[in-house]
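Q: Sharing a structure below in structure tokens format, with a few things to ask.
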């Protein structure tokens, strides 16, 4: 679970008209990342099967490194490098979550994805259109995010299914709120001409990564909360 905010600036929200192309690119790249994840996960299930446990360790740190690299250095790298690292991250995520296909039913995965898409779409729309500054809510949600990360680590040793269910329910609420908050912050990144400049394209890729992380985490927590396991 990752969510990086350090590239965001406190800026005035631009009009929806002038920022529409920029936001379309953000959502376009995010959708491309989700497609790569789905295709990679499907390929992994059909060609490799269950991922060896040792792979998860490498995948986790590989994903962590890529998110850190993009968050810290995206504005200093070329747009080709930035997009390449984002696509690579999306592919690694596909490999790492492919195991859910062996745990949950296909119908459950489909219904959870649709539910995630609806929740995400509504909250992203709210984040783009609301006149309310969501900074205060965002700070609270980020604190909650660290809380569920710590709780998840603790539950690795406890192994409580009830505790995990509670973590999942709280995780759904946190990433539902973060979707609106992050969408508003991404909109604040926009500056005149960004939709066409190289700097703007990098911002769009970073915004896509941020919303991609929100979507994936929302999907995983929602699946844990309402998914039907394959007996």
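The values are calculated or read from the model by the stated rules, or taken from the named source; none is laboratory data. Everything numeric in this text was worked out from a predicted model, so none of it was measured. Cβ sites come from the backbone with ideal geometry, for glycine too, and all protein chains shown count toward neighbours.
This table checks each residue for (1) in contact with a helix residue (DSSP H, G or I) (Cβ under 6 Å, 6 or more places away or on another chain); (2) crowded, with 16+ Cβ neighbours inside 10 Å.
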position	(1), (2)
20	no, no
23	no, yes
27	no, yes
32	no, yes
42	no, no
58	no, no
63	yes, yes
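Q: Pull up region 214-231, narrow it to residues that are touching a residue at least 40 places away in the same chain (Cβ under 8 Å) and assigned to a loop (DSSP other than H, G, I, E, B), then point me to the one that is farthest from residue 121 (Cα to Cα).
A: It comes out as 230.
Q: Say we look at region 51-63 and pick out the residues that are assigned to a helix (DSSP H, G or I) and either touching a residue at least 24 places away in the same chain (Cβ under 8 Å) or touching a strand residue (DSSP E or B) at 6+ places or on another chain (Cβ under 8 Å) (or both); which of these is nearest to residue 200 (Cα to Cα)?
A: If we take residues in region 51-63 being assigned to a helix (DSSP H, G or I) and either touching a residue at least 24 places away in the same chain (Cβ under 8 Å) or touching a strand residue (DSSP E or B) at 6+ places or on another chain (Cβ under 8 Å) (or both), then 63 is nearest to residue 200 (Cα to Cα).
Q: Could you count how many residues in region 64-76 are in contact (Cβ under 8 Å) with a residue 12 or more places away in the chain and within 21 Å of residue 198 (Cβ to Cβ)?
A: Result for region 64-76: 7.
Q: Does region 81-94 contain any residue that is at pLDDT 95 or above and within 21 Å of residue 174 (Cα to Cα)?
A: Yes; the residues of region 81-94 include at least one that is at pLDDT 95 or above and within 21 Å of residue 174 (Cα to Cα).
Q: Given the structure, is residue 152 more than 30 Å from residue 24 (Cα to Cα), more than 15 Å from the chain's Cα centre (by Cα) and modelled with pLDDT under 90?
A: Considered against the rule, which asks whether it is more than 30 Å from residue 24 (Cα to Cα), more than 15 Å from the chain's Cα centre (by Cα) and modelled with pLDDT under 90, residue 152 comes out as yes.
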